[in-house]
Every structure is written in structure tokens, then in C-alpha cells.
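The values are calculated or read from the model by the stated rules, or taken from the named source; none is laboratory data. Model, not experiment: these values are computed from the prediction. Note that each Cβ is placed from the backbone with ideal geometry, even for glycine, and that neighbours are counted across all protein chains shown.
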Amino acid sequence: MADIPHIALNDGRTMPQLGLGVLQMPARETEPLVCTAIDLGYPAVDTAMIYGNEGEVGRAIRSADRPIFVTTKLWIPDMGPGTVAAFGASMDRLGLDHVDLYLIHWPAPARGDYVDTWRTLVRLAQDDSRLRSIGVSNFRIEDLRAIIDATGVVPAVNQIELHPRFQQRALRDFHAEHGIATTSWSPLGRGSLLDDPVLVDVAARHGKSPAQIVIRWHVQSGLVVIPKSANQARLAENIDVFDFALDDADMARIAILDRSDGRSGPDPAHFSGMI
Ligand code: A2P
């Protein structure tokens, strides 16, 4: 079983650099897939209230023979006054004694309540021993500035869309300046970039798949990466990235795949939860 590196968080804790994402994983398939992932050595699982599978994730983690780092997220309508109750409901569904990381899922700036919500999370993390680290997801630089200025508390993590076609350099520079860890969601660009000729070529040179090259690129870039797969062979493939390294030339070739129109998911400036 591979030894997965951890990264340091700004609150003194650490987080595994690779985990399983379970977005759009149907609830009835989630428990066996998470169990398989845990057997394969995955040290972390990333879920959310809105994925509708916290219960199944929790059951799989409860049956694990070792601690698994679990992340879940606060959905948009639960922000503001509903935050504490929503956290309690997530804990009930997970059935775990703690959650390692709790994130505000989207800033939804038109609501005007992400600063208050962050204040509540800060208090919750101080008062509720079931909550370890707190962070955000899909926050832009201006959103991060607003919550840090209001509370003085820097989120441990910002989880954002990030892959070779959408590398988010300005946001990552801000994260580095403030000690915020970056988690990449849709790290494989939802599978769409895996036939890119550069990735196919780098993969052939290393005897690896394009997906393994991309996951390795995230790891070597100091990011936390949470590829999702509902397929056992690909689950095994996606964690098998610790027996080789990309060299500077490989990293430079991947760096230039970044595109200004590379976003594949919603734009946080406008996303309000309606899909
Ligand atoms: P599947 O679940 O059938 O494996 P992302 O994490 O960027 O959102 O990408 C998830 C998508 O990429 C899913 O459609 C998943 O399909 C696919 N995928 C995951 N791992 C691999 C892999 N190793 N090779 C090819 N496609 C993959």
C-alpha cells in the first residue's frame, strides 16, 4: 500500500494529499466503492451534504480498519442561521465522532452571508469537539479577503476547480501568501483532458496513463487531489502515482496547457446552487 504524503494545514493539523471524491456517486454504489478505495489505501474521502451520500460514506469509514480523513461541506441554503443545525445533521448522517474538515461549499455572494457563515464556523470549531479543521470551497480572492479581514481567521483549505487546463495561478499565489492549502476538484477536468497529446506523450514516456500523469502533477504541485471514479480498476490506477516522478521538462509542458477558458464547472461569482 502506497505511503500517501500529507500536507501541513495552517491550524497545526495535516491532511493527506490524495483522497476519493464522491460527487455524483449514486448513494447505493457509494458504500462498496468507498470500502474498495479504503482497501486500496485511500486515506481520505471528500463528500458534501448535497452529494446525498454522507450516510454511505460514514458507514464505509466506520467499517475501516484505520482512521480515514473525512471532509464534508455546508450547502448553500443552510448558510447563515442554518449553519449549526446543518453541521449537526451532517454529523448525524455520517455517524462519526468527528469530521476532519468542514467547508462552506460555495460563497454564493448574492446571498450576502458568507462572512457571517464563516464567523459561525470559526465559533463552531472552537466549541464543538466533533469539528477539527475548517475551510471554504470555490472562494475567490475577494471572498477570502472578506472572511479573513472580518475574523482574522484564515481558512485551512480552499477547495477549487483546478486541473491542467484551469490552473488558477493567481488564486494559488494568494493561498501561498496566506498559508491556505489548495484542494483540486475535478482534478481530471471531468476526464475531458485525458486525450490531450501532451499528456498522452508524457504518459507513454513514463509507462503510466494520462490520468496518472495529471494526478501526479497535482501532487508535485503541492495540491490536495480528490479524483472521483466509480470504477474499481480506475480507483486502483488513480492511487498508483507514487512510484515515479515528473521531471522539470514534464512539468513545464503541462504548465502551458492552462487556458483562460478552461473552467468546466460553475463560476463562483454567480453560482447560487441552482443547476
Ligand atoms: P469513472 O467514474 O467511470 O472512472 P474528475 O475527478 O476530474 O471530476 O473526473 C471524474 C471523471 O473522470 C469521471 O467521469 C471518471 O469516470 C473519470 N475517471 C476517473 N479516473 C479515471 C482514469 N484513471 N482514467 C480515465 N477516466 C477516469
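Residues of the stretch 118-172 that are β-branched (Val, Ile, Thr), closer than 23 Å to Asp100 by Cβ and surrounded by fewer than 19 Cβ atoms within 10 Å (Cβ to Cβ): Val122, Ile148, Thr151, Val153, Val154.
Condition check for His175 on (1) modelled with pLDDT of 95 or more; (2) closer than 23 Å to Asp247 by Cβ: one failure, at (2).
Selection of the stretch 103-118 for residues being of a type outside the set (A, V, I, L, M) and under 21 Å from Ala181 (Cβ atoms) yields His105, Trp106, Pro107, Tyr114, Thr117, Trp118. When Met25 is tested against (1) surrounded by fewer than 24 Cβ atoms within 10 Å (Cβ to Cβ); (2) within 16 Å of the ligand (Cβ to nearest atom); (3) under 30 Å from Glu177 (Cα atoms), only condition (3) is not met.
Scanning the stretch 183-218 for residues that are of a type in the set (Val, Ile, Thr) and surrounded by 22 or more Cβ atoms within 10 Å (Cβ to Cβ) gives Thr183, Val202, Ile213, Val214, Ile215. Looking only at the stretch 169-195, which residues are over 14 Å from the mean Cα position of the chain (by Cα), free of Cβ contacts under 8 Å to residues at least 60 places away in the same chain and closer than 15 Å to Ser229 by Cα? The answer is Gly191, Leu194. In this structure, Thr71 does not satisfy being hydroxyl-bearing (Ser, Thr, Tyr), within 18 Å of Ser133 (Cβ to Cβ) and surrounded by fewer than 18 Cβ atoms within 10 Å (Cβ to Cβ). Of the residues making up the stretch 160-188, those that are within 16 Å of the ligand (Cβ to nearest atom) and either more than 18 Å from Leu257 (Cβ to Cβ) or not in a loop (DSSP other than H, G, I, E, B) (or both) number 8. Out of Asp248, Asp267, Asp243, one residue alone is closer than 30 Å to Met79 by Cα and out of contact with any helix residue (DSSP H, G or I) (no Cβ under 9 Å at 6 or more places or on another chain). It is Asp267. Counting residues in the stretch 115-124 that are without any contact (Cβ under 8 Å) to a residue 24 or more places away in the chain, over 30 Å from Ser260 (Cβ atoms) and of a type in the set (Lys, Arg) gives one or more. Condition check for Pro155 on (1) within 16 Å of the ligand (Cβ to nearest atom); (2) touching a residue at least 24 places away in the same chain (Cβ under 8 Å): one failure, at (1).
Does Gly191 meet the test of being more than 16 Å from the ligand (Cβ to nearest atom), within 29 Å of Leu33 (Cα to Cα) and not aliphatic (A, V, I, L, M)? Reasoning before the result, please.
Numbers: more than 16 Å from the ligand (Cβ to nearest atom): no; within 29 Å of Leu33 (Cα to Cα): yes; not aliphatic (A, V, I, L, M): yes.
For Gly191, the condition - more than 16 Å from the ligand (Cβ to nearest atom), within 29 Å of Leu33 (Cα to Cα) and not aliphatic (A, V, I, L, M) - is not met.
The requirement of being among the basic types (Lys, Arg) and under 20 Å from Ser137 (Cα atoms) is fulfilled nowhere in the stretch 247-256; no residue meets it.
On the basis of being touching a strand residue (DSSP E or B) at 6+ places or on another chain (Cβ under 8 Å), crowded, with 16+ Cβ neighbours inside 10 Å and either among the hydrophobic types (A, V, I, L, M, F, W, C) or more than 25 Å from Pro32 (Cα to Cα) (or both), does Ala108 make the cut? Please lay out each step first, then the result.
Working: touching a strand residue (DSSP E or B) at 6+ places or on another chain (Cβ under 8 Å): no; crowded, with 16+ Cβ neighbours inside 10 Å: yes; either among the hydrophobic types (A, V, I, L, M, F, W, C) or more than 25 Å from Pro32 (Cα to Cα) (or both): yes.
When the stated conditions are applied, Ala108 does not pass them.
Residues in the stretch 1-17 that are touching a Gly at 6+ places or on another chain (Cβ under 9 Å) and buried (at least 18 other Cβ atoms within 10 Å of the Cβ): Ile4, Leu9, Gln17.
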